[in-house]
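Data first, discussion second: the structure below is written as structure tokens.
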Amino acid sequence: MSEPISGKSLHGHLDTMVLAVLDKSEAHGFEVWKRLEAQAKGGLKLKEGSLYPALYRLETAGLLTARKEEDDSSRRGPRRRIYKITRKGKRRLDQGRQEWQHFVSVVECVIGAPA
Amino acid sequence: MQDLRVHVEKAVRPVVADQGTKLRMREELYSHLLEVFEEERATGDDEAAAILRANDRLGDPAALTAELQATASRVSWYEGAIDRIVHRQDETEIGHACRLASRYLLAIVPLIIVVVPTVWIIQTLIGSTQKSFLDLVSDSLWFGVPFGVFATAQVFFFTIIAHRMLRQFDKPSWRPRSIGGVFGLCAVSTVFLLVSSFALFSILTGNPRATYELMMPKWLIASSLMPFVMTGFVLARRREIERLEPWSSLEIADET
């Protein structure tokens with residue numbers, strides 16, 4: 001199997017990936033991470049702390065909204081923030097998906113072409 | 001769990017941003033780290049090994065600091081930078097009051113520098129003034145300096161009062177230790193607000209008697225709200241103080 005994709009190669013794509021996993025339903029940071037991991041099937045090699053700057057960027061840009069979760073006495077630690085994709089975020093995700101498809105098809109034409 | 005907190009604090013404390021933003025970062029990263037820790041524990045690791053694994057999964061604090069810093073808005077950065085310039089570890093009440101007052105002053109000075117030329121340019125363009133730029137600066141200083149001193153003094157004074165007020169409540173129940181003490185501080189705030197407002201407007205109008213007759217009834221009504229404002233302040237700050245406490249007491253060797 002190929003090496004997992006690391007932080008540098010992910011540069012510029014992490015934000016769209018976060019939007020993609022939040023497109024299904026809202027989630028807190030740890031859940032977002034679990035979804036990324038599950039969907040990438042172990043193919044990501046990223047420090048988990050890097051997820052939060054991405055979430056803050058997206059929130060500042062109005063692509064996500066956040067609210068505090070309800071009090072949950074069954075778990076330790078501070079209340080988590082639940083992130084939800086906005087309409088603007090959904091539009092950005094659609095755009096990101098199209099750009100990605102275009103990128104893949106162009107690179108495929110060059111790299112994937114028989115020698 | 002102190003080791004997990006320390007790891008988070010190493011990443012967040014060097015970030016130049018306002019306290020609210022940093023508190024949000026701390027709590028969110030710590031919350032994540034706790035979940036990772038539980039996950040590592042479930043795989044059979046002992047506590048020390050689970051902490052190491054969890055910290056490693058979160059990433060190098062210095063790299064995380066840079067990433068978090070990039071997300072701070074300019075306003076947040078500016079507030080954090082001023083905080084950093086004037087903040088001292090274990091600062092006293094007076095020190096804290098000075099910090100907030102100077103932060104306020106530093107925040108309004110650039111505003112005046114931008115507003116004065118903008119007003120002059122607009123007035124000149126629409127032809128509503130024949131005043132020179134220097135006249136406008138002089139007018140602005142005439143109003144701006146007393147107002148700046150007044151507002152800065154208010155920030156200083158009410159920070160001291162707020163500290164005293166917070167001490168009037170027992171933690172964690174937040175029951176007042178002395179009702180008399182709470183009312184006494186509210187009364188001092190009311191008198192200070194009345195006297196300082198009267199002094200400011202007397203200077204600005206040059207007519208203390210007219211100021212008194214025109215404005216005193218309104219000020220009395222406004223000042224009577226002070227006890228509610230002060231009590232509201234304590235209640236509003238209560239949560240934040242409780243949330244900040246575990247972080248501010250941490251000893252971080254690598255602080256920059």
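Calculate, for A:K47 and B:E91, the FRET efficiency according to 1/(1 + (r/R0)^6) with r their C-beta to C-beta distance and R0 35 Å; round to the nearest 0.05.
0.55
Hey, if you put +1 on the Cβ of every Lys and Arg and -1 on every Asp and Glu Cβ in chain B, which of B:L136, B:L214, B:L52 ends up farthest toward the positive end of that dipole?
Farthest towards the positive pole: B:L214.
For B:S73, B:S31, which order do you get if you count the other beta carbons within 10 Å of each Cβ and list the fewest first?
Fewest to most other Cβ atoms nearby, the residues stand as B:S73, B:S31.
Enter the per residue convex hull volume of segment B:110-152, computed from alpha-carbon coordinates, in Å³ rounded to the nearest integer.
Spelled out: Cα convex hull of segment B:110-152, divided by residues, is 64 Å³.
I'd like the antiparallel share, as a percent to the nearest 5, of DSSP beta bridges with both residues in chain A.
Roughly 80 percent of the DSSP beta bridges within chain A come out antiparallel.
Using a ≥ b ≥ c from the Cα gyration tensor of chain B (square roots of the eigenvalues), is it rounded, prolate or oblate, where a/c under 1.5 gives rounded and otherwise the larger of a/b and b/c decides, a/b for prolate?
oblate
For peptide A:75-85, what's the mean number of Cβ atoms from other chains within 10 Å of each residue's Cβ? Could the numbers behind the result be given before it?
Values: counts 4, 7, 12, 10, 4, 6, 4, 0, 0, 0, 0.
Partner-chain Cβ atoms within 10 Å, mean over residues of A:75-85: 4.
How far apart, in nanometres, would the label points at B:I160 and B:L106 be if each is projected 7 angstrom from Cα along the Cα-to-Cβ direction?
Taking the two extended label points, one gets 2.2 nm.
How far apart, in nm, are the 7 Å Cα→Cβ label points at B:V6 and B:Q130?
Taking the two extended label points, one gets 7.4 nm.
From the helices alone, meaning DSSP H stretches of at least four residues, give me the mean residue ellipticity at 222 nm for chain A, per-run term -39500 (n - 2.57), in deg cm²/dmol to the nearest 500.
Rounded to the nearest 500, the figure is -16000 deg cm²/dmol.
Which lysines have a Cα less than 27 Å from the Cα of A:K90, not counting those fewer than 8 places away in the same chain?
Of all the lysines, those that pass the test against A:K90 - Cα under 27 Å, at least 8 places apart if same chain - are A:K8, A:K24, A:K34, A:K41, A:K45, A:K47, A:K68.
Kindly express, to the nearest 10 degrees and within the range 0 to 90, the angle between helix B:47-58's C-alpha long axis and the longest C-alpha principal axis of chain B.
The helix B:47-58 is inclined about 60 degrees to chain B.
For segment B:116-211, what is the convex hull (Cα atoms) projected area averaged across all directions, in square nanometres?
For segment B:116-211, the mean projected area of the Cα convex hull comes to 9.3 nm².
Of A:Q95, A:A61, A:A38, which is farthest towards the positive pole of segment A:5-111's charge dipole, taken about the Cα centre with +1 and -1 on the beta-carbons of Lys, Arg and Asp, Glu respectively?
Value: A:A61.
Using a simple charge model, +1 on the beta-carbon of Lys and Arg, -1 on the beta-carbon of Asp and Glu, nothing else, what dipole does segment B:85-246 show about its Cα centre, in debye to the nearest 20?
460 debye
Average partner chain C-beta neighbours within 10 Å, per residue of B:29-41?
5
Enter the mean number of other protein chain beta carbons within 10 Å of the beta carbon of each residue in A:24-37, as an integer.
Counting Cβ atoms of other protein chains within 10 Å of each residue's Cβ and averaging gives 2.
For chain B, find the longest principal axis of its Cα atoms and tell me its angle to the long axis of helix B:19-42, 0 to 90°, nearest 10.
Helix B:19-42 sits roughly 10 degrees off the main axis of chain B.
Can you give the local net charge around A:D23? Use residues other than it whose beta-carbon is closer than 11 angstrom to its beta-carbon, Lys and Arg +1, Asp and Glu -1.
Taking every other residue near A:D23 into account, the sum is +4.
Only Cα pairs within less than 10 Å get springs; with that Gaussian network setup on chain A, which residue of A:G42, A:G12, A:G77 has the largest fluctuation?
Taking springs between Cα atoms under 10 Å, the residue moving most is A:G77.
Dipole size in debye (nearest 20) for segment B:2-72 around its Cα centre, Lys and Arg Cβ +1, Asp and Glu Cβ -1?
With Lys and Arg at +1 and Asp and Glu at -1, about 360 debye.
If I model a spin label at A:A113 and A:S74 as a point 7 Å from the Cα along the Cα→Cβ vector, what separation in nanometres do I get?
Between A:A113 and A:S74, the simple spin-label model gives 5.7 nm.
Can you give the Rg and Dmax of the protein assembly as shown based on its C-alpha atoms, in angstrom?
That works out to 26.9, 95 Å for Rg and Dmax.
Readers should treat all values here as calculations from the given coordinates under stated rules, not as data from a laboratory. Note that this is a predicted model, so its numbers are computed, not measured. Neighbour counts run over all protein chains shown; Cβ positions are idealised from the backbone, glycine included.
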